[in-house]
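Q: One structure, pasted below without further comment.
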Amino acid sequence: MSDNKPSTPSTDNLAAGSADPRGLTRRGFAVLGIGIGRERFMFALAVVFSLLFGLMTVADAWVLGYATDHVIRPSFDRGDITDGTLWVAIGLFIAVALLRTVGVVGRRLAGGIVFYRLVAADRRRVTRKYLELPLSWHQSHPTGQLLSNANADVEAIWSVFMPLPMALGVLAMLVGAVATMLVADAVLTLVGLVVFPALFAINIVYQRWQGPRMAHAQSLRGDVSAIAHESFDGALVVKSLGREDDETRRFAAAAERLRDANIGVGRIRAVFDPVLEALPNLGILAVLLLGALRVESGAAEPGDVVQIAFLFTVVAMPVRAIGWVLGELPRSVVGWDRVRTVLDDDAHMPYGTRALAGEGPVALRVDDLGFSHEPLADGGVPVLSDLSFDVAPGSVTAVVGATGSGKSTLTSLVTRLVDPVTGTVSLDGVDVRDLSHAGLAASVALVPQSTFLFDDSVRSNVTLGAEVDDDAVWDALRVVQAERFVSALPHGLDTELGERGTSLSGGQRQRLALARALVRRPRLLVMDDATSALDPDVEQRILRALADQTADGTGPSVLVVAYRKATIALADTVLHLADGRIVGRGPHDELHARSAAYRDLVDAYDQAREEVDHE
Amino acid sequence: MSDTDALDGVLPVPEEIEREGSLAIIRRGLSLSPAITQGIWLTAVLSALGTVGSAVVPIVVQRAIDDGLGGSETGSGAVDVGRIGMYVGVTLVVLLLTGIAASLSKVRIFTASERGLAELRVRAFRHVHDLSMLTQNTQRRGSLVSRVTSDVDQISQFLQFTGLIMIVSVGQMIVATIVMAFLSWQLTIVVLASFVPLVLLLSTFAERMSRAYDRVRATVGELLAVVGEPVVGASVVRSYAIEERTQRRIDDAIDTNYRANVRAQTIVSVTFASATVVAGIANAAVLGVGLWLGLLGDLSLGTVIAFIFLVGLFVGPAQMATQVITDAQNAVASWRRVIELLETPADVVDPGPGGERLADGDLGARFRHVTFRYPDGPVVLDDVDVTIAPRQRVAVVGETGSGKTTFAKLLTRLMDPVEGAVLLGRDDEWTDVSRAPFDDLRRHVVMVPQEGFLFDATLRENLLYGRSDATDAELVAVFDDLALTDWFRALPHGLDARVGQRGEALSAGERQIVALVRSALADPDFLVLDEATSAVDPQTELRATRALERLLDGRTSVTIAHRLSTAENADRVLVFDAGRLVEDGSHRELVALGGTYARLHASWVAQQKLAPGAVGAGSAGGGAVGGSGS
């Protein structure tokens, strides 16, 4: 569903563009220039082949004229085949056809390679940039948009390169056509000078009319798809409330809008196609009539007339390529702008060069931490303020708070996915900003709220390329209670999970994400509500095993965001967060006895039940 | 893309469809969308007239040359301009008429195919909602979506573009062949013979091309997956410092995709160009043979030249032929998938107005020796026999796979039992749910699914799913009834608040709240709830729990309980194990019984006790039995 979301802005841009088509076309040519610059050699090759194609197309007509005047007519007049000219003509026909074929193959292949190379290179650029840009940047851009930047937008920029070599060949063809016409007969050339520009102009008008209509139809297609996705996803609701007929009406309305838009596109085509097809034929008729006068007056040979007439039939189709190029330009510019926005973003988060010394659990110190998405001076709302606390080596600290209290932000700051606005985070006394990226990742592991699995094997999903043997992987899987289900998979550790691991249940996915963190033997483990999809007893077993490790000094220091009371109770210390501040801290028992707000929070469910009992 | 890949084996395909040939599929497809073929004869005639135009021009060229422009019969120099002018005039009229015919035929083709396909789309959409599979197998939803979207688009693309090209081309070739046959049958054979090798090679080309494109599609799927990794998995990539590894995976996928594309492009280019060579050979052959025939006195100069013009009419179609074949194959495959969908019988059928309406007022339920299993699957529910009295509050307990969800789905008739019957009613008035018309059944029995699924619309529109004719005042009243007024008042846009895709603008707990209000609006006599498992914000949970209590008040309810506290609150607990109903009684009775339930409860209590100092934790819940009743 996310893939059709970006289609709306793109059509908006196109609509805005059609208000200023000239500017858009000019910028389109600039984009063309950049692409040509990047693939100079291959593009030149494509153009050379295309020129060959264009000139051979004109030559085809010339050969016919030559054959008419030098082979067919003399032979018919004399009643016998003259000399070797027949063989020359036959040879010419075949040679021109072969060269033209070489031109077509070379043009299409080299043009295709240019396009695919440009797309591949930009895709590399965009994904590299994604990997460089800080997480805060990622968080402020919708996923669907970023995916479309790397896929559809990149293709949109360069797809104009598919017809471009042909269009350039056609230009050469037109020049060649007019030249051969001039050689044959200047008056007949006038017909060409009317017909070719007319073909050209009509094509452009056609693209201008059709472009926005097709973009509109495309966005309506997105609507149809979105409704189908949503309605089938929500089937249980639709069914249990008996809304099938209403849903069908909703879908039908979208399907009908799409139908009408497509019919509109078809109408335009039905008007333009026959005109474009008739135009060369009209040219031929004009040439015949004018030609008859010219031949009568002795100014032209019949072969000239035949040649020029034939030119119209061979040139008519290729001329459309110019229209295709001009039609693609606005799309190209829109794609370019969207991709540029990503590539030109200068947000960055430099890493330091230090690594942590020693081994075993580390001490986490958070000092006067403050964070807001927008600078406070610009009216930003503080997400966290004046946060200070310590997590002693080998201890477990739980973070508790209502939605929006800043718990997830805290986990991002502690693991340095994001930098604070004020204050510091340090590990064993070293500011996390001084640590190298590798050094940080080697010491700290975050298990985020939503699990992400790679389209890869179970093993790779746990190790993520780290040098870890299978025993260590199984050890980690054992701790997270995943040993049983993984060994039951068809190929064990080698089982491919498929895209995003959709073949696994939510709980299984979370367990793999936990194993991923544990297998690296982190010195600080941060879990952001990372066990929410697990059965409570499974969660308990995992946390017990973890706490045991931590207690005997082999495990990491732990910072855990939690809701369930049993989880919270495992912690040595609890931090109670409200509106971005610590409002209570201490062991669970103590807090529970002391703070009414804390009691409300963690007892909410039990409290609800008690109230019911009293009703 | 992945949707299409996952299509195979989604539906139990009747064998005859699988075996049917392409023509039969097209015939069936057309009969399913009568609008496409409506008035098709007129369209065909117009279309045929439209193709005449391009074939007329070579004839005029021939006549003009033979009758004046230096033709052999009149001798060079004697040009009859008047006659040529007449030819040109007549041809202009013919071109105008055929142009109009071609235009009209295109409008008709677009209109008819779009109308037919829109109907097909809507019909397929409705049919999907009638399949119980939709609620049973969530993983296959994507492929069902593709049948009402990309599959239909594929058919439309074929009918309007390649199909149209094919019709026009074939028409053009037929007309050209007829014209040629009139001019010279010998040269006609020469031209057709030149194209024979190409025709013979077409199927091989098409096969290679479709294989190359399959490969491209597969690599696109992989590419999309890995390109998503740095975006969707940004925090994992960053916190594990695996940027390089991720980039390597992306680069590999980009390379693989690039190679597949270039390979496909090579095949397409060669195929496309082969027609150009053939045209050259045909022209040379026409020249040689034509000249020879001409000298024998059978042929005029104009005819030879007209033939070379006519050969041009074959080049375009020959260039497009492989593309047309590939597209046609894809379109037939899509059509086959849509037909499969439509011919999968709706397994849970609405008895319609002819059914038995349920009695108004309190409603109970009775399972009479109900057994359920999926086709070719193990037994999911085994001989369940139980009666639920009106206004009873029942909790269903059991491990994953015990059959408790199936029990709920049978109760709401999302599925039908394989053996036995599910009845609704009270005392001596019982109605088999499969006899109750859908509109009546849904009015009386409503299921509240686990996740509060919301539609990407306003809060109001979402609530109206519960009852479409409710006024704003009624909506607000329901918030009051469920003690949710404070939550509702805090919404900045009130009923006009947009909830986002799947309701993502709201938190999980808030979505549950909206789902409860939506169900309350439907005002059913009987509620079936699938309790949410995911942890939500405690304060919202408290609110939702209160609302739920009010919603259940005075109604019969069956709750699939994932928390044992829910069971403690129920009037009655049904315990399922491996598809059988193993225990049935109140919480207290079942704890005393010391069976499955007692074991489940003991482990739950132990877990709650891990929380020291927890006031009113699970162990203290014994006194909660009875709930609110009425």
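The values are calculated or read from the model by the stated rules, or taken from the named source; none is laboratory data. Here the structure is a predicted model, which is why all the values come from computation and not from measurement. As a convention, Cβ positions derive from the backbone with ideal geometry for all residues, glycine included, and neighbour counts pool all protein chains shown. Keep in mind that these areas ignore ligands, DNA and RNA; they rest on the heavy atoms of the full protein, side chains included. Shrake-Rupley method; radii C 1.70, N 1.55, O 1.52, S 1.80 Å.
Q: Say whether the condition of being outside any helix (DSSP H, G or I) and open to solvent by less than 20 Å² (accessible area, probe 1.4 Å) is met by at least one residue in segment A:125-134.
A: Yes; the residues of segment A:125-134 include at least one that is outside any helix (DSSP H, G or I) and open to solvent by less than 20 Å² (accessible area, probe 1.4 Å).
Q: Quickly run through segment B:347-384 and pick out the residues that are farther than 15 Å from B:A421 by Cβ, open to solvent by 40 Å² or more (accessible area, probe 1.4 Å) and outside any loop (DSSP other than H, G, I, E, B).
A: Those that are farther than 15 Å from B:A421 by Cβ, open to solvent by 40 Å² or more (accessible area, probe 1.4 Å) and outside any loop (DSSP other than H, G, I, E, B): B:P353, B:G354, B:R373, B:V379, B:D382.
Q: Let me ask something else. Anything in segment A:545-570 that is out of contact with any His (no Cβ under 7 Å at 6 or more places or on another chain), open to solvent by less than 20 Å² (accessible area, probe 1.4 Å) and at pLDDT 80 or above? List them, or say none.
A: A:L546, A:G555, A:P556, A:S557, A:V558, A:L559, A:V560, A:V561, A:A562
Q: Take the conditions within 8 Å of chain B (Cβ to nearest Cβ) and of a type outside the set (D, E, K, R) and apply them to A:G112. Does it pass?
A: The answer is yes for A:G112.
Q: Between residues in segment B:293-320 that are facing another protein chain (nearest Cβ under 9 Å) and over 30 Å from B:F272 (Cβ atoms) and residues that are in a helix (DSSP H, G or I) and open to solvent by 20 Å² or more (accessible area, probe 1.4 Å), which pairs lie under 6 Å by C-beta distance while being six or more apart or on different chains?
A: B:G294/A:F76; B:L301/A:F76
Q: In addition: Given (1) open to solvent by less than 20 Å² (accessible area, probe 1.4 Å); (2) assigned to a helix (DSSP H, G or I); (3) not small (G, A, S), where does B:L529 come up short, assuming only one miss?
A: Of (1) open to solvent by less than 20 Å² (accessible area, probe 1.4 Å); (2) assigned to a helix (DSSP H, G or I); (3) not small (G, A, S), only one is false for B:L529: (2).
Q: Might you let me know whether segment A:436-445 holds any residue that is at positive phi and either under 31 Å from the mean Cα position of the chain (by Cα) or assigned to a helix (DSSP H, G or I) (or both)?
A: no
Q: Can you tell me which residue among A:A347, A:A398 is open to solvent by less than 40 Å² (accessible area, probe 1.4 Å), in contact with a strand residue (DSSP E or B) (Cβ under 7 Å, 6 or more places away or on another chain) and hydrophobic (A, V, I, L, M, F, W, C)?
A: Within the list A:A347, A:A398, the selection yields A:A398.
Q: Of these, B:A473, B:A483, B:A520, B:A477, which one is at pLDDT 85 or above, touching a Leu at 6+ places or on another chain (Cβ under 9 Å) and of a type in the set (G, A, S)?
A: That would be B:A520, the only listed residue that is at pLDDT 85 or above, touching a Leu at 6+ places or on another chain (Cβ under 9 Å) and of a type in the set (G, A, S).
Q: Looking at segment A:270-283, is at least one residue part of a helix (DSSP H, G or I), within 7 Å of chain B (Cβ to nearest Cβ), within 30 Å of B:S146 (Cβ to Cβ) and not hydroxyl-bearing (S, T, Y)?
A: Taking every residue of segment A:270-283 in turn, at least one turns out to be part of a helix (DSSP H, G or I), within 7 Å of chain B (Cβ to nearest Cβ), within 30 Å of B:S146 (Cβ to Cβ) and not hydroxyl-bearing (S, T, Y).
Q: Only one of A:F49, A:F93, A:F41 is in a helix (DSSP H, G or I) and open to solvent by less than 30 Å² (accessible area, probe 1.4 Å). Can you tell me which?
A: A:F93
Q: A follow-up question, please. Quick check on segment A:195-213. Is at least one of its residues modelled with pLDDT under 85, open to solvent by less than 60 Å² (accessible area, probe 1.4 Å), in a helix (DSSP H, G or I) and in contact with a Pro (Cβ under 7 Å, 6 or more places away or on another chain)?
A: Yes: one or more hits.
Q: Identify, from the list B:R413, B:R511, the residue that is of a type in the set (K, R), surrounded by 22 or more Cβ atoms within 10 Å (Cβ to Cβ), touching a helix residue (DSSP H, G or I) at 6+ places or on another chain (Cβ under 6 Å) and at negative phi.
A: B:R511
Yes/no per residue for (1) within 21 Å of A:H141 (Cβ to Cβ); (2) acidic (D, E); (3) open to solvent by 40 Å² or more (accessible area, probe 1.4 Å); (4) out of contact with any helix residue (DSSP H, G or I) (no Cβ under 6 Å at 6 or more places or on another chain):
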residue	(1), (2), (3), (4)
B:R215	no, no, yes, no
B:G221	no, no, no, no
B:V226	yes, no, no, no
B:E229	yes, yes, no, no
B:R238	yes, no, no, no
B:A241	no, no, no, no
B:D251	no, yes, no, yes
B:D255	no, yes, yes, yes
B:A279	no, no, no, no
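Q: Next up: Do we find that A:F485 is aromatic (F, W, Y) and not in a helix (DSSP H, G or I) in this structure?
A: In short, no.
Q: For A:L534, indicate whether it is crowded, with 21+ Cβ neighbours inside 10 Å, at pLDDT 85 or above and not charged (D, E, K, R).
A: For A:L534, the condition - crowded, with 21+ Cβ neighbours inside 10 Å, at pLDDT 85 or above and not charged (D, E, K, R) - is not met.
Q: Name the residues in segment B:545-566 that are outside any loop (DSSP other than H, G, I, E, B), modelled with pLDDT under 85 and open to solvent by less than 10 Å² (accessible area, probe 1.4 Å), would you?
A: B:S565
Q: Same structure again: Return the total of residues in segment B:472-497 being assigned to a loop (DSSP other than H, G, I, E, B), open to solvent by less than 70 Å² (accessible area, probe 1.4 Å) and farther than 21 Å from B:D553 by Cα.
A: 2
Q: Kindly evaluate B:E589 against the criterion of being at pLDDT 85 or above, surrounded by fewer than 15 Cβ atoms within 10 Å (Cβ to Cβ), acidic (D, E) and more than 23 Å from B:L484 (Cβ to Cβ).
A: yes
Q: Let me ask something else about it. Condition test on A:R221, is it modelled with pLDDT of 85 or more and among the charged types (D, E, K, R)?
A: So A:R221 fails the test.
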